[in-house]
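Derivation of every value follows stated rules applied to the coordinates shown; laboratory data play no part. Please read all numbers here as calculations on a predicted model, not as lab measurements. Glycine gets a Cβ as well: all are built from the backbone with ideal geometry, and neighbour counts include every protein chain shown.
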Amino acid sequence: MSDRMKRWQLPAFGRRNLEFVDVPVPAPGAREMLIRVAAVSLNYRDKLVVEGELLPDLPAMPFVPISDMVGEVVAVGPSVSRFVPGDRVLGNFWTQWIDGAPPPEMARHGQSLGGPLPGMLSEYVVLHESVAVAAPVSLTDEEASTLPIAALTAWFALAETGPVKPGDTVLVQGTGGVALFGMQFAQALGARTIVTSRSAAKLERVRALGAFAGIDTSATADWSHAACELTGGQGVDHILEMIGGDNLIHSMDALAAGGRIALIGFLGGQTLQLPAVPMMLKRSILQGISVGHRRAFETMNPAIDHHHIKPVIDTVYPIEDVLAAFDHLERGPFGKVVIRLARD
């Protein structure tokens, strides 16, 4: 193994400032592991961090972005006991959230990979052993790299805080990574799924993946009425809310009595609009979701193997094409955008 490596870093905010540099390979300390990164995947959060919109007070530049990765442990420091060289691992986004209630600092972004902690867009990274999770054995590196944020967010919303029961109806908004994982997990848990999208072509693709129904919101502005009709007037039991803003008015209209909205995204704005009376009459639950803890991650991965769930990947880019990958994320992929770091 060479003592030098390549990584992408930000000397200043803005993805056009990303630079591909040559730096020394880091050395693991006590209870730390050196990991050769095979692939990373992009999340909307990564875009916000790179552009300086989410964490404008990041530690001193240069900063290495991107939260998600899969890689192989190649060396361990003293006292490491959870993994050995050769193990394939993922990084847990909330590094201090192992189980139970989250640590208080999470409310101020906490210690999360890819900001404020250094990210994964590097040929080698060092992680504390407590941050690592074993990757599902049934997935390729590219597939496994998509799990730490998008998959765990959907799993936490549906399997941990839901929980979804067989026979429930789950509505997911859009066809990004979290939404498609939500659809796949809901179906594995015995629920039927409805997907909303502005693209008729993308709705055809989700039907091919097993969705019960799709609603084209570009042709059906009152999508909540359509969702109620699809459920015989009962409404849906769970909604993965990806838009926020005044879209919550439609989500509340579509919700069944006693239903739950998992608030995940804020594409429609960071200020929420909710109709108070319907929410009270329906005894609705609005639950904020911010990924999940390591124990849930360790529960999810065997479930992925058991249910033969395959992450939906739009495009895989080589390490040299990071800017093109971010541009693709901006356009709105069907599923996940992945960057392969391992060189053949």
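What FRET efficiency, computed as 1/(1 + (r/R0)^6) with R0 = 45 Å and r the Cβ-Cβ distance, is obtained for residue 6 and residue 287, rounded to the nearest 0.05? FRET efficiency, residue 6 to residue 287: 0.65. Straightening the chain between residue 266 and residue 134 buys 44.5 nm, computed as 0.36 nm per residue apart minus the Cα-Cα spacing. Computed from the C-beta positions of residue 165 and residue 79, the FRET efficiency with R₀ = 45 Å rounds to 0.55. Rounded to the nearest 500, the 222 nm mean residue ellipticity of the chain from helices alone is -6500 deg cm²/dmol, with -39,500 (n - 2.57) taken per DSSP H run of at least 4 residues. Working ranking of peptides 200-209, 132-141 by packing, defined as the average number of other Cβ atoms within 10 Å per residue, highest first, is 132-141, 200-209. Mean projected area of the Cα convex hull of region 227-344, taken over all directions, amounts to 10.4 nm².
Indicate the gyration tensor shape class of region 278-334 (rounded, prolate or oblate), computed on the Cα atoms with a ≥ b ≥ c the square roots of the eigenvalues: a/c under 1.5 is rounded; otherwise a/b larger than b/c is prolate and the rest oblate.
Judged from the Cα gyration tensor, region 278-334 comes out oblate (a/c at least 1.5, b/c at or above a/b).
Is the C-alpha gyration tensor of region 162-288 telling us rounded, prolate or oblate? Criteria: a/c under 1.5 is rounded; beyond that, a/b larger than b/c is prolate, otherwise oblate.
Rounded is the answer for region 162-288, as its axis ratio a/c remains below 1.5.
The chain gives an Rg/Rh value of 0.98, both radii derived from C-alpha positions and Rh following Kirkwood.
Shape annotation for region 181-227: C-alpha extents along the principal axes are 29, 21, 14 Å, from largest to smallest.
Once you reduce region 168-194 and region 6-27 to the center of their Cα atoms, the two points are 36 Å from each other.
Which shape class, rounded, prolate or oblate, goes with region 1-123 when its Cα gyration tensor gives a ≥ b ≥ c as root eigenvalues, a/c under 1.5 marks rounded, and past that a/b bigger than b/c marks prolate? Don't skip to the end; give the middle numbers.
Numbers: a/c = 1.98, a/b = 1.16, b/c = 1.71.
Oblate shape, in that a/c is at least 1.5 and b/c is the bigger or equal ratio.
For the peptides 280-289, 110-119, the ranking by packing is 110-119, 280-289, with the highest mean count of neighbouring Cβ atoms within 10 Å listed first.
The order of the peptides 237-243, 31-37 by mean Cβ neighbours within 10 Å, most packed first, is 237-243, 31-37.
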